[in-house]
Structure formats: structure tokens, C-alpha cells
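Single-structure report; data block below.
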Amino acid sequence: MVKTIKISAHNHTTNSDGLFKPEQLLNILNKHYDVVAITDHRFLTKPKYIPPDLMFFYGVEYYLSHLGFEVLGLCPDLNNPTLASCEVAWVCHPKYIHCDLNRVIKFIQSVENVYGCEIYNQAEYQFDGWEYDWFNSYDNMNFYAVDDLHVMQNLKTSWMEMEVDSVDKHTVLENLKSGDFWIKTKH
């Protein structure tokens, strides 16, 4: 039986710059989403309690200082949570990247586990018209939508949905890699 699931894949706790403790955040998100990731800045958060009916992904928002932008990585190796160990990753909030966007494209194309970038972040469109067309002209470029949740007002601003036969980690990750999902936003 096919089921539509909602995904919130960019959320912050008090371990970086969010207002909620990890367990509080998961309890809030569990009311609205089927799949959730905590992606604190430069820190792998390991909640003490995860609601049993919630699919949880570990994650980190990495700052690549040598490139001048951030990348969100999901499902890293818990013993060595580097960007290279993540199952799937994408460039965060490209609207606020203060570098040559050619560098972003080259990075996405050259790093095996990076599949694209955010198109909606807190319901804010991340591209001017020409930038979207330019990014979209590249093969295998996925666009992701996220709450980038730090405070309650960001809840349910932008998210992803997908249809799955089986609600399991492998299926969700493969759909995120292949672009087999759709974007939802308040706007």
C-alpha cells in the first residue's frame, strides 16, 4: 500500500542555535512529520529519546570554510560524522552564499554524496529566476525544501513529501537522492 510521508530534514536544537532541547524538538515535529532529522551546526546531536513512531535521521550542518558555504548531511557514520560519511547531502540556503555560484555547482557535481541544494528555506525562495534556470540546467540536480527550524514560527514553512510502499530508511534516502519527492511550502 502506497503511503504519502512528510519529511523535515533541517532542524536545530539547543546544541547549536535552536530554542528546543533535542527531545522537545522531536516531540513537536512528531505531530507534523513522519521523517525528521536533527542537523545542528557542526555537531552531531544524539537524542536520549526518539518517539517510536517517528523515523529519525542523524545529521549535521557542516560549514565548509574553504568554499564559503554550508552543506547539510544526513545519516553520517556516528563514530566519525564527516560530510564524506553522510548518505545524502545538499548545499544549504544558497541565497545567502557569498561566493561564486559556479563554485557551488562544481562542488555538487564533484562530491559523490551531494545531490543538489535547497530551493525553499523557511518558505523563502532561494533563487532569482536566472539562478534557478541555471542550476536546473545541470543533470541530476535536486532541489530540497526545509523548515531550517530554529524557532516555532519556522515550523511547517517548507518540507518534502514522497510516496513510498515501505516507510524505511533505505527507501526514503534513495528517494532523496533520486529526486523522487515533491516540495511543499506555505506560499
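The values are calculated or read from the model by the stated rules, or taken from the named source; none is laboratory data. In this text the structure is predicted, and so the values were computed from the model without any measurement. Don't worry about glycine lacking a Cβ; one is built from the backbone with ideal geometry, like all the others, and counts go over all protein chains shown. These accessible areas exclude ligands, DNA and RNA; they are computed on the full protein's heavy atoms, side chains included. Shrake-Rupley method; radii C 1.70, N 1.55, O 1.52, S 1.80 Å.
Only one of these is closer than 21 Å to Ile38 by Cβ, open to solvent by 20 Å² or more (accessible area, probe 1.4 Å) and either assigned to a strand (DSSP E or B) or in contact (Cβ under 8 Å) with a residue 12 or more places away in the chain (or both): Trp159, Trp134. Name it. Break it down into steps so the answer makes sense when it comes.
Numbers: Trp134 fails: closer than 21 Å to Ile38 by Cβ.
It is Trp159.
Assigned to a loop (DSSP other than H, G, I, E, B), open to solvent by 10 Å² or more (accessible area, probe 1.4 Å) and more than 24 Å from Lys3 (Cα to Cα), is that true of Asp139?
yes
What residue, among those in region 169-178 that are open to solvent by 30 Å² or more (accessible area, probe 1.4 Å) and in contact (Cβ under 8 Å) with a residue 40 or more places away in the chain, is farthest from Thr13 (Cα to Cα)?
Step one: list which residues in region 169-178 are open to solvent by 30 Å² or more (accessible area, probe 1.4 Å), which gives 169-171, 174, 177-178.
From what's left, in contact (Cβ under 8 Å) with a residue 40 or more places away in the chain: 169, 177.
Working: Lys169: 22, Lys177: 25 Å.
Across region 169-178, the extreme among qualifying residues is Lys177.
Considering region 100-126 alone, what residues qualify as being within 21 Å of Ser85 (Cβ to Cβ), part of a loop (DSSP other than H, G, I, E, B) and open to solvent by less than 70 Å² (accessible area, probe 1.4 Å)?
Listed by number, the residues that qualify are Val111, Asn113.
Exactly one of (1) in contact with a helix residue (DSSP H, G or I) (Cβ under 6 Å, 6 or more places away or on another chain); (2) farther than 16 Å from Ala145 by Cβ; (3) not β-branched (Val, Ile, Thr) is unmet by Tyr58. Its number?
(1)
Can you tell me which condition Tyr58 does not meet? The list is (1) open to solvent by 50 Å² or more (accessible area, probe 1.4 Å); (2) under 12 Å from the mean Cα position of the chain (by Cα); (3) modelled with pLDDT under 95, and all the others hold.
That leaves (3) as the condition not met.
Within region 167-180, identify whether any single residue is at pLDDT 90 or above, over 18 Å from Ile108 (Cβ atoms), among the hydroxyl-bearing types (Ser, Thr, Tyr) and assigned to a strand (DSSP E or B), and answer yes or no.
Looking for residues that are at pLDDT 90 or above, over 18 Å from Ile108 (Cβ atoms), among the hydroxyl-bearing types (Ser, Thr, Tyr) and assigned to a strand (DSSP E or B), one finds none in region 167-180, hence no.
Of all the residues that make up region 63-82, how many are open to solvent by 30 Å² or more (accessible area, probe 1.4 Å), of a type outside the set (D, E, K, R) and either touching a strand residue (DSSP E or B) at 6+ places or on another chain (Cβ under 7 Å) or modelled with pLDDT of 95 or more (or both)?
6
Tally up the residues in region 1-20 that are part of a loop (DSSP other than H, G, I, E, B) and more than 14 Å from the chain's Cα centre (by Cα), please.
The initial filter retains those residues of region 1-20 that are part of a loop (DSSP other than H, G, I, E, B), namely 1-2, 9-10, 12-20.
Okay, now just the ones that are also more than 14 Å from the chain's Cα centre (by Cα), so 1-2, 13-20.
Number satisfying all stated conditions: 10.
For the structure I just gave you, tell me whether Glu23 is open to solvent by less than 40 Å² (accessible area, probe 1.4 Å), at negative phi and either outside any loop (DSSP other than H, G, I, E, B) or aliphatic (A, V, I, L, M) (or both). Before you say what the answer is, go through the steps one by one.
Values: open to solvent by less than 40 Å² (accessible area, probe 1.4 Å): no; at negative phi: yes; either outside any loop (DSSP other than H, G, I, E, B) or aliphatic (A, V, I, L, M) (or both): yes.
No.
Name the residue that is least open to solvent (accessible area, probe 1.4 Å), counting only residues in region 33-53 that are within 12 Å of Asn11 (Cβ to Cβ), part of a loop (DSSP other than H, G, I, E, B) and in contact with a Leu (Cβ under 7 Å, 6 or more places away or on another chain).
Here is the first cut: in region 33-53, the residues within 12 Å of Asn11 (Cβ to Cβ) are 33, 35-41, 45, 47.
Those left that are additionally part of a loop (DSSP other than H, G, I, E, B): 33, 39-40, 45, 47.
Then drop every residue that is not in contact with a Leu (Cβ under 7 Å, 6 or more places away or on another chain), which leaves 39, 47.
Values: Thr39: 0, Pro47: 16 Å².
Ranking the qualifying residues of region 33-53, first place goes to Thr39.
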